[in-house]
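Scroll down for the structure; my scribbles are underneath it.
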Amino acid sequence: MKVHDAARDVPPPPGKGPFLLVGLVGIGLVTWGAYGHWQRDVEATATLERIRSLVPQVRLVVAERAAGPLDLKLPGQTQAFTTAAIAARATGYIAERRIDIGSRVKAGDLLLRIAAPDLDQQLAQAEAQVGQLRAQLLQAQAQVEQARANVNLANLTNNRTTTLAVQGWASRQNADTAQASVLSQAATLAAAEAGVKVATANIKSQEAVVERLKALTAFERVVAPFDGVVTIRNVDVGDLVRADNGGTPLLSIDQDTTLRITVNVPQNDATGVEPGVKAEITVPQMPGRTFAGFVERSSVALDAASRTLTTQVDVPNPDRTLRAGLYAYVTLKIPRTEPSVTVPAEATVFNHNGMQVAEVGEDDRVTWRTIEVRRDLGRTLELKSGLTADSRIIYSPPPDLRDGQSIERAKPAAPEKPMRSAER
């Protein structure tokens, strides 16, 4: 009875329903996950396909042919064509001043007069000494004439005495004395003639002193060496000035009918800079005005430190509109040795292939072109190779643009760059 009861208390085994339910739930979860993965894969594939088939809208510009002169803009400063710092060559006091800063003068105009009484007295004394030496010359010439007369008399006496001595009418001693007198008078004549030469040499020496003093006294009048304008005046009436003093000059004069500008041309453009190259000069304080100039000379050799060519540009300034010391911009019209192509700087990209531009063909497909830059002009680049003129290129190309990808030209807008928009 107990055994039967124990067997009756054991629960029956579970059925297949729960296991089937769990299996169905698991299969559903797996199916749901597989469907989600498949859906994401489909979406990703569709996204990639849309990216591949995307036709971006881009702005096109045309690469231009640069056949004219190269405009190279450089900063510079106007300078006077000639500047003279006038110093004193005579020691004295400023007795007269006829100019001031800003005065226009002509060559030879009297600017200052220096009173130098010491120098004037030296000149008067030297001229008096010349007169004294000329009197001495006359005296020496008179002595020469007297010595010649004595020589003639001695010769005559010697001849008579010698004849008488031969005939026995005079002693031999008298004949010897007469002959010695001839020699003595000849020596006296030679001494007198030498005295004339000495007097003549003294006169020439003293006349040279007079000429030197006259030249120095001429510097008492300070005159303009050329046409120009007085830019500096450091003395006034009554000031003491000293000759050959290496200090402050009396005044300075600038010749401003032609101005000069010195610019430093980079090595890349130095080969085309020659005398006669045209230049345009602009001054920030004179908007809208352009002044014509030309290259007059250059240093030929480049500066080793900066690798630049020192170049001087002359600017005619007949109306004196420009002034020395102005900050200016000089645009050199450097002739090109061969035509080249220019593109906007923003049309280029730099990647692992180097500097490239995106060229668009007739089929509106992109081809990346590797270029070589000859000159960087800031907003534009002048190319040495890699692209031909009139090629259509993309302005500011997208970074993910692929080689061979199709593009769509955006509506033309006013270009910001000195390039024309591409027209189909």
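Between A345 and Q77, the simple spin-label model (points 7 angstrom out along Cα→Cβ) gives 2.7 nm. Near the amide H of V341, within less than 5 Å, lie the amide hydrogens of A66, L383, all on another chain or at least 5 residues away, with H placed in the peptide plane. Between A199, A301, A34, the residue with the greatest mean-square fluctuation in the GNM of the chain (Cα pairs under 10 Å linked by springs) is A34.
All C-alpha to C-alpha distances of segment 23-134, sorted into 10 Å bins beginning at zero, yield P(r) values of 8, 13, 11, 9, 7, 6, 6, 6, 6, 6, 7, 6, 4, 2, 1, 0 percent in whole numbers.
Amide H to amide H, with H built 1.01 Å from N, T82 comes under 5 Å of Q255, counting only residues 5 or more places away or on other chains.
Among the trypsin sites (Lys or Arg not before Pro) found in segment 99-134, those both in a DSSP coil and sparsely packed, with 16 or fewer other Cβ atoms within 10 Å of their Cβ, are K106. Considering just Cα atoms, how many Å³ per residue does the convex hull of segment 171-221 enclose? Output value, Cα hull per residue: 32 Å³.
Say R0 is 41 Å: what FRET efficiency, to the nearest 0.05, do T388 and S299 get from their beta-carbon distance? So the FRET efficiency works out to roughly 0.65. Taken over the alpha carbons of segment 118-214 as equal point scatterers, the Debye sum produces base-10 log I(q)/I(0) values at 0.12, 0.15 Å⁻¹ of -0.55, -0.67. Between L164 and A201, full extension at 0.36 nm per residue minus the direct alpha carbon distance yields a gain of 8.8 nm.
Computed over the Cα atoms of the chain, pair by distinct pair, the Kirkwood hydrodynamic radius stands at 33.8 angstrom. Based on the Stokes-Einstein relation at 10 °C and a viscosity of 1.306 mPa s, and on the Kirkwood radius from alpha carbon pairs, segment 254-334 is assigned a translational diffusion coefficient of 121 µm²/s. In plain terms, the bigger the Kirkwood radius, the slower the diffusion; for segment 293-356, with that radius from Cα pairs, at 25 °C and 0.890 mPa s, Stokes-Einstein puts D at 151 µm²/s. Per-residue extension of 0.36 nm, minus the Cα-Cα distance of R379 and S171, leaves a gain of 62.6 nm for this segment. Computed across segment 200-278, the Kirkwood radius stands at 17.9 Å (inverse of mean 1/r, all Cα pairs). Extension gain, D120 to A208: 0.36 nm times the residue separation minus the Cα-Cα distance gives 30.1 nm.
Selection among I203, A175, G238 by position relative to the dipole of segment 169-239 gives A175 as farthest towards the positive end (Cβ unit charges, Cα centre). In sequence order, segment 391-399 has phi-based couplings of 6, 7, 10, 8, 7, 6, x, x, x Hz under the Karplus curve 6.51 cos²θ - 1.76 cosθ + 1.60, θ = phi - 60°, and Gly or Pro positions carry x.
Other residues within the sphere of radius under 12 Å centred on the Cβ of A116, judged by their own Cβ, net out at +1 (K and R +1, D and E -1). Here the simple spin-label model places points 7 Å from the Cα toward Cβ, and for T262 and L401 these points are separated by 4.7 nm.
Coordinate-derived values only; no laboratory data. What you see is a predicted model, and the numbers here were worked out from it, not measured in a lab. Note that each Cβ is placed from the backbone with ideal geometry, even for glycine, and that neighbours are counted across all protein chains shown.
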